[in-house]
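These notes concern the structure reproduced below.
The values are calculated or read from the model by the stated rules, or taken from the named source; none is laboratory data. This is a predicted model, so every value here is computed, not measured. So basically every Cβ, Gly included, is an ideal-geometry build from the backbone, and we count neighbours across all protein chains shown.
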Amino acid sequence: MSLSQPFALVGTARPKPERAEELKQLLLSFVEPTRQEAGCLEYHFHEDRNDPGAFVFYEAWRSQADLDAHLALPHMQAFWEQRMDYLESDLDIRFLTMHSPYAARKERGTRAR
């Protein structure tokens, strides 16, 4: 895969019951700043309807380099180092190859067609 090819990932976080609300708020705090990053195409945070307390995030990035820049940010590095304080088991992250890439956007905030 080319470093400039759009790609996505989906991850699941299973928090310790006593830290679930705290983790939820922390993960929610990442949404808007991440969406403002230049290479972010999509960034969504969910809770599994059939498994309450299981948090699922979906991210689509313009390139691997953009994701790498995101993961290198201080708040993401801090989360990575402290994640097991919140989690029952480590994050389940699946890196996806995007076979239906986004069409070019005319301006930031315009949905892909």
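Couple of notes before you dig in:
- Helices (runs of 4 or more DSSP H) enclosed by the stretch 6-113 - at least 3 residues per element that are surrounded by 15 or more Cβ atoms within 10 Å (Cβ to Cβ) and modelled with pLDDT of 95 or more: 20-35
- Residue match in the stretch 24-44 (condition: among the hydroxyl-bearing types (Ser, Thr, Tyr) and in contact with a His (Cβ under 6 Å, 6 or more places away or on another chain)): no
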